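Asks: Below are the structure tokens for one structure; questions will follow.
The values are calculated or read from the model by the stated rules, or taken from the named source; none is laboratory data. The shown structure was predicted, so the numbers you read here are calculated from the model rather than taken from an experiment. For neighbour counting, all protein chains shown are included, and Cβ atoms are generated from backbone atoms with ideal geometry for every residue, glycine included. Accessible surface is based on the protein model in full, side chains and every heavy atom, while ligands, DNA and RNA are left aside. Shrake-Rupley method; radii C 1.70, N 1.55, O 1.52, S 1.80 Å.
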Amino acid sequence: MDRQWWKNAVVYQIYPRSFKDSNGDGIGDLKGITEKLDYLQNLGVTIIWLSPIYKSPNKDNGYDISDYRDIMTEFGTMADFDEMLSEAHKRGLKIVMDLVVNHSSDQHKWFLESKKSKDNPYRDYYIWKDPVDGHEPTNWGAFFSGSAWQFDETTGQYYLHQFVPEQPDLNWENPKVRDGVFDMMNWWCEKGIDGFRMDVISLISKPEVYEDGPVRPGEKYAFCGNITANGPHVHEYLKEMNQKVLSKYDLVTVGEAAGVTIEEAKKYAGFDSKELNMVFQFEHMDLDSDEHGKWTMKKLYLPDLKENLTKWQKELAGVAWNSLFWDNHDQPRIVSRWGNDSDEYREISAKMLATCLHMMQGTPYVYQGEELGMTNYTFKEISDCDDVEEINIYKDLVTDAKVYTHEEMMNVISAKGRDNARTPMQWDDSENGGFTTGKPWLKVNPNYKKINAAAEVDDPDSVFNYYKKLIALRRENDIIVDGTYELLEAADENLFIYTRSLNGRKLLVVCNFTDKTLDVPKSIEAMTGGEILISNYKEKASSIRPYEATVFDLKA
Ligand code: TEU
Ligand code: CA
């Protein structure tokens, strides 16, 4: 069967700042990544997605790029990049770059020119509007708090920034912007990179008319992401990108698509749509959001998760390709979020969550440290945090609106904040978890003495070696890649049960999301006699144990 190489691959995401520091300045870097390629090869992943490594003033840790063809000073040099790329390729590892082109940094030469005057040749590279009645052109609010418009004295106009003011939105309607981006992408492809993860690509096409959006009760702004997602020309732009760049190389592409629906996903990632290979959808990441968006302590209701993931499994089957993820650099650690990070259950529940995701159809993404069962961090003071989203929301909800007390807010940040994902990778039990010999840029989780790569690589029962098994199973079993998905026991509040079927063979995946011992549902009793493909418990049992995940293999 002629199947694209990324369909049975597993992607590993590296957040370079937190992965491995090679020179003691407390910041992870490219040489650090090169040092750890053997570790990744051992895990069995074949694709590495690097969060941005380009020149950046770091207002949003590299997601604000001031030069797309140069390397962030702290991360090293282009020679270090070339070495990393060639060492990766030697080991059969592909490198996917983060492409952040909804916006640039305000220090990018295009923006520095653009703000000089209304008739500057780069003026239309960004989105400038006159004030309306002395105010912002619209009531749009940015992702990371405040208005999405920033006033600029020099020319008396506002520019649009959906993220922080230092991340001005590029004007994709301008063909020169598109060509500039496509040239840069071709330049990286010629260097031999293997794909792109496209940051907020669903937001690049703005509405035809700039007008106020709906404001939720108690809020000041209309959230811009709801207004700009899946805009009128986004598919046109991506088809053009495909024609001018992507189709010329053998790449894997994934679009980060906040606000994407099934119907939209089929356009972005349809097998025949000549746009991208897959998208990241975020519906399942919002199931524990509530009144204050993600800044809410809401328990996940398992049937919601089952319904949502099942919808994506079934609706994209045969027409488009899913990405599968629990974690990334913007999300809290999954074992703390939907598993159980107590000493008793951390490992077993991390393995359960991995099984639940990795047996589905799509390309799984493992975020650095997830394969060790790394946990959330307890942030006591906002001064312990680095993330601009956390710092701004603290001001909004504690200092200004007084919705939360300091303690409540720190609890929410410790449960949901992005810095949970960004604490340094835990390599061994030496000081700072072996991440750096200097002072780490963000605190290392004190549990590194127990949770670290060195201990897990050598332990056959570790979370690491369990991920390694799952990754190998996908490579070896077509049914995991191509099998038909079916949910069972949809209403069950504790168990996530589904099957995958291909050519008469069937896999039954049974995952217990609780710390209770449960009875085997009648409907699957007959199937649980089968051979076991993988399980996070050693012995068979007649009941379903706490956080058990077992995959039964019912051969044809
Ligand atoms: O994230 C876009 C995005 O949708 C996030 O802002 C998300 O809503 C938020 O992180 C949830 O807390 C991408 C990058 O992944 C993120 O790191 C960047 O900050 C952002 O774009 C701007 O480039
Ligand atoms: Ca360093």
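Asks: Report yes if Lys306 is in contact with a Leu (Cβ under 9 Å, 6 or more places away or on another chain), open to solvent by 20 Å² or more (accessible area, probe 1.4 Å) and either within 16 Å of ligand 2 (Cβ to nearest atom) or of a type in the set (Lys, Arg) (or both), otherwise no.
Replies: No, not satisfied.
Asks: Quick check on my filter: what residues within the stretch 39-55 are more than 24 Å from Asn432 (Cβ to Cβ) and open to solvent by less than 10 Å² (accessible area, probe 1.4 Å)?
Replies: Within the stretch 39-55, Val45, Ile47, Trp49, Tyr54 qualify.
Asks: Within the stretch 205-218, does at least one residue satisfy the condition of being in the same structural domain as Ala269 (by TED's automatic domain parsing), surrounded by 20 or more Cβ atoms within 10 Å (Cβ to Cβ) and not in a helix (DSSP H, G or I)?
Replies: Checking the stretch 205-218: at least one residue is in the same structural domain as Ala269 (by TED's automatic domain parsing), surrounded by 20 or more Cβ atoms within 10 Å (Cβ to Cβ) and not in a helix (DSSP H, G or I).
Asks: Which pairs have Cβ atoms under 7 Å, sit 6 or more apart or on different chains, and link a residue in the stretch 262-288 that is within 19 Å of Gln331 (Cβ to Cβ) and of a type in the set (Phe, Trp, Tyr) to one that is open to solvent by 10 Å² or more (accessible area, probe 1.4 Å) and outside any helix (DSSP H, G or I)?
Replies: Correct list of pairs: Phe280/Glu256; Phe280/Ser323; Phe282/Ala258.
Asks: Any residue in the stretch 21-38 that's open to solvent by less than 10 Å² (accessible area, probe 1.4 Å): show its pairings with residues that are polar (S, T, N, Q) and away from ligand 1 (no atom under 16 Å from the Cβ) at Cβ separation under 7 Å, as long as the two are six or more apart or on different chains.
Replies: Pairs that qualify, where the first residue is open to solvent by less than 10 Å² (accessible area, probe 1.4 Å) and the partner is polar (S, T, N, Q) and away from ligand 1 (no atom under 16 Å from the Cβ), are Asp21/Thr436; Gly26/Thr436; Asp29/Ser22; Asp29/Asn23; Gly32/Ser22.
Asks: Across the stretch 188-218, what is the total count of residues that are hydrophobic (A, V, I, L, M, F, W, C) and more than 25 Å from the chain's Cα centre (by Cα)?
Replies: Count: 2.
Asks: Something else about it: Being farther than 22 Å from Ile262 by Cβ and assigned to a loop (DSSP other than H, G, I, E, B) is the filter; apply it to the stretch 284-293 and report the residue that is least open to solvent (accessible area, probe 1.4 Å).
Replies: Looking at residues that are farther than 22 Å from Ile262 by Cβ and assigned to a loop (DSSP other than H, G, I, E, B), I get His292.
Asks: When you scan the stretch 299-338, how many residues do you find that are within 15 Å of ligand 1 (Cβ to nearest atom) and of a type outside the set (A, V, I, L, M)?
Replies: Final tally of qualifying residues: 11.
Asks: What single numbered condition from (1) within 16 Å of ligand 2 (Cβ to nearest atom); (2) touching a residue at least 24 places away in the same chain (Cβ under 8 Å); (3) open to solvent by less than 50 Å² (accessible area, probe 1.4 Å) fails to hold for Asn58?
Replies: (2)
Asks: Which numbered condition trips up Leu112, out of (1) more than 16 Å from ligand 2 (Cβ to nearest atom); (2) touching a residue at least 12 places away in the same chain (Cβ under 8 Å); (3) assigned to a helix (DSSP H, G or I)?
Replies: Just one mismatch for Leu112, condition (2).
Asks: Determine if the stretch 410-417 includes at least one residue that is within 16 Å of ligand 1 (Cβ to nearest atom), open to solvent by less than 10 Å² (accessible area, probe 1.4 Å) and in contact with a strand residue (DSSP E or B) (Cβ under 8 Å, 6 or more places away or on another chain).
Replies: Within the stretch 410-417 (the criterion being within 16 Å of ligand 1 (Cβ to nearest atom), open to solvent by less than 10 Å² (accessible area, probe 1.4 Å) and in contact with a strand residue (DSSP E or B) (Cβ under 8 Å, 6 or more places away or on another chain)), the answer is no, since none of the residues qualifies.
Asks: Which residue pairs have Cβ atoms under 9 Å apart, sit 6 or more places apart or on different chains, and have a first residue in the stretch 527-539 that is modelled with pLDDT of 95 or more and a second that is aromatic (Phe, Trp, Tyr) and in a loop (DSSP other than H, G, I, E, B)?
Replies: Once the first residue is modelled with pLDDT of 95 or more and sits in the stretch 527-539, its partners that are aromatic (Phe, Trp, Tyr) and in a loop (DSSP other than H, G, I, E, B) give Asn536/Tyr547.
Asks: Same structure again: Does the stretch 425-433 contain at least one residue that is modelled with pLDDT of 95 or more, within 19 Å of Lys20 (Cα to Cα), crowded, with 19+ Cβ neighbours inside 10 Å and more than 24 Å from the chain's Cα centre (by Cα)?
Replies: Looking through the stretch 425-433, at least one residue is modelled with pLDDT of 95 or more, within 19 Å of Lys20 (Cα to Cα), crowded, with 19+ Cβ neighbours inside 10 Å and more than 24 Å from the chain's Cα centre (by Cα).
Asks: Let me ask another. Would you please list the contacts, defined by Cβ atoms under 8 Å and residues six or more apart or on different chains, that run from a residue in the stretch 303-322 that is modelled with pLDDT under 95 to a residue that is open to solvent by 10 Å² or more (accessible area, probe 1.4 Å) and not in a loop (DSSP other than H, G, I, E, B)?
Replies: The qualifying pairs do not exist here.
Asks: Has the stretch 442-460 got at least one residue that is more than 30 Å from Gly218 (Cβ to Cβ) and within 16 Å of ligand 1 (Cβ to nearest atom)?
Replies: yes
Quick grid of which residues meet (1) open to solvent by 30 Å² or more (accessible area, probe 1.4 Å); (2) touching a helix residue (DSSP H, G or I) at 6+ places or on another chain (Cβ under 6 Å); (3) of a type in the set (Lys, Arg):
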position: Glu456; (1), (2), (3): no, yes, no
position: Phe464; (1), (2), (3): no, yes, no
position: Thr499; (1), (2), (3): no, no, no
position: Asn503; (1), (2), (3): yes, no, no
position: Cys511; (1), (2), (3): no, yes, no
position: Asp519; (1), (2), (3): yes, no, no
position: Glu525; (1), (2), (3): yes, no, no
position: Gly530; (1), (2), (3): no, no, no
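Asks: Now a separate question. Could you run through the stretch 138-151 and say how many residues are open to solvent by 20 Å² or more (accessible area, probe 1.4 Å) and either part of a loop (DSSP other than H, G, I, E, B) or not aromatic (Phe, Trp, Tyr) (or both)?
Replies: 5
Asks: Identify, by number, the condition in (1) open to solvent by 50 Å² or more (accessible area, probe 1.4 Å); (2) in a loop (DSSP other than H, G, I, E, B) that Ser342 doesn't meet.
Replies: Exception for Ser342: condition (1).
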